[in-house]
Amino acid sequence: MIQSLVRHIHYRVERFLALDNWGEILLLALSLAGLAVANSSLAPSYFHALHAPLGVGPATLSVEQWVNDLLMALFFLLVGLEIKREMVGGDLSSPSQIALPGIAALGGVLFPVLIYIALNWGHTDALAGWATPAATDIAFALAALSAFGRGLPRSAFLFLSSLAIFDDLAAILIIALFYSGGLSWPDLGLAALALAVLIGMNRLGVRRLAPYLVVGLALWVAVLRSGVHATMAGVLLALTIPLGSEEDEAAGRSPLHRLESALHPLVYFGVLPLFGFANAGVSFQGLDWSSLLDPVPLGIALGLFLGKQLGVFAFTLGAVRLGLAQLPAQVGWGTLYGIAMLCGIGFTMSLFIAGLAFPDAGLAGEAKLGVFSGSLISALGGGLWLAVTRGRK
């Protein structure tokens, strides 16, 4: 009996160690660590370290900016590479397949905004935060889907990745138009020039990765200085990396495959855990939880939880029923609704927009409360839904 128990324990340990989930475990662990530290006696040191300058001369950013603007650009680069590969010959290769996440993202932006405006109508200061629930945190949403969506087809992850990128593009456009102190047109011009060079290298058949990475770094600097969120440089660079011939694809020798393979462990075992630790540190000191029912936090929380899932699902359903798009391969409506709920994880992007919208500390604190509660409920609700409906159509 003892030997049987030992064998059973050994089998369970081997199964656990064999699971490809260490990236998600690290992200969750360091996110919880950041949250705990931010609400402990170590909070002053934590926030001081995040805002400490790091760099030399003009290449100086805070530690938090290096993580969010540079390291997360690598994450977006990896996601962009995967999406390009699927767009060329995979699950996103048809116009109807790539149209679906774009249409779903539109619904996921409109519904939360309408809910927030309805609950805050007549409050001029509060209406400034109308875009706060419109965002989706792609890193945490994908991590939640990885944690709760074991066994789901790859197309489900691609759909969420694509939707979140469209969502981020909308959020960046909103920030640029409504919350920006102004864009730097000369830097935007330099970014366009760098992108043109990258496209030119692709058309000329350049297959070495080094030139793409050098020009890609210049693109990142120009985008950062332009006032547009620098992570989008990663997506633009990904779209110019050559995929190669069918033989190269099969052998994994194409520039895209080589870069994707190199980035995967770096992103999932380094970038995302650091991102979680740096951004999950939301301090609740001084916040009154009873104010959750005030218009600002309630509008944000309901916008994220209800608005996101209803908007994404309704627009997806409409697009499929009208024949404008088709569902991802092997993904049923039950799974898609769970993914729509996970889109309500606004977290860092929503906190970023709230910080721009509310210079007043009081409203900013209420907005923070709404973002955290709405994101948490969306994560738990979406995870529970996926666990219950797994395998159903």
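Amide H contacts for SER62 (H built 1.01 Å from N in the peptide plane; partners 5 or more residues away or on another chain; cut-off under 5 Å): LEU54. Dipole magnitude for the chain: about 920 debye, using +1 per Lys or Arg Cβ and -1 per Asp or Glu Cβ, origin at the Cα centre. Counting only Cβ charges, +1 for Lys and Arg and -1 for Asp and Glu, the dipole size of region 165-277 around its Cα centre is about 340 debye. Measuring between their Cα centroids, region 94-173 and region 31-52 lie 28 Å from each other. The relative contact order of region 178-332 comes to 16 percent, based on Cα pairs under 8 Å that sit 6 or more residues apart.
With contacts taken as Cα pairs under 8 Å at a separation of at least 6 residues, the chain carries a relative contact order of 30 percent. Among the chymotrypsin sites (Phe, Trp or Tyr not before Pro) in region 109-200, those placed in a DSSP loop whose Cβ has at most 15 other Cβ atoms within 10 Å are TRP121.
Sorting the segments 218-229, 299-310 by their residues' average number of neighbouring beta-carbon atoms within 10 angstrom, most packed first, yields 299-310, 218-229. The mean of 1/r over all pairs of different alpha-carbon atoms in the chain, once inverted, gives a Kirkwood hydrodynamic radius of 22.0 Å.
Contact order for region 254-393, expressed relative to its length and based on alpha carbon pairs under 8 Å spaced 6+ residues apart, stands at 34 percent. Taking only alpha carbon atoms, region 31-176 gives an Rg to Rh ratio of 1.03, where Rh is the Kirkwood radius. Overall, the ratio between the Cα radius of gyration of region 185-287 and 2.2 N^0.38 Å, rounded to two decimals, is 1.33.
Rounded to the nearest 20 debye, the dipole size of region 248-393 about its Cα centre is 600 debye, using +1 on the Cβ of Lys and Arg and -1 on the Cβ of Asp and Glu. Hey, any idea what Rg/Rh is for region 259-393, computing Rh the Kirkwood way over Cα pairs? Value, to two decimals: 1.05.
Which of the three applies to region 106-252, rounded, prolate or oblate, going by the alpha-carbon gyration tensor with a ≥ b ≥ c and a/c under 1.5 meaning rounded?
The shape class here is oblate.
All alpha carbon pair distances within region 270-349 were sorted into 5 Å bins beginning at 0; the resulting P(r) in whole percents reads 3, 12, 15, 17, 15, 14, 11, 7, 4, 1, 0. Projecting the Cα atoms of LEU50, THR132, LEU81 onto the charge dipole of region 43-174, computed from C-beta unit charges around the Cα centre, puts LEU81 farthest toward the positive end. Under the membrane-span-like helix rule (DSSP H runs whose alpha carbons stretch at least 18 Å along the helix axis, mean Kyte-Doolittle hydropathy 1.0 or higher), the chain yields 22-38, 72-89, 95-120, 154-174, 185-203, 209-226, 361-389. Residue order for ILE138, ILE165, fewest other beta carbons within 10 angstrom first, comes to ILE165, ILE138.
Look at the dipole of region 212-342 built from charges on Cβ: of LEU239, GLN285, LEU272, the Cα furthest out on the positive end belongs to GLN285.
Values quoted throughout were computed directly from the atomic coordinates according to the rules given, and no laboratory measurement underlies them. Computed from a prediction, not measured in an experiment: that's the story for all the values here. Note: ideal-geometry Cβ built from the backbone for every residue, glycine included; neighbour counts use all protein chains shown.
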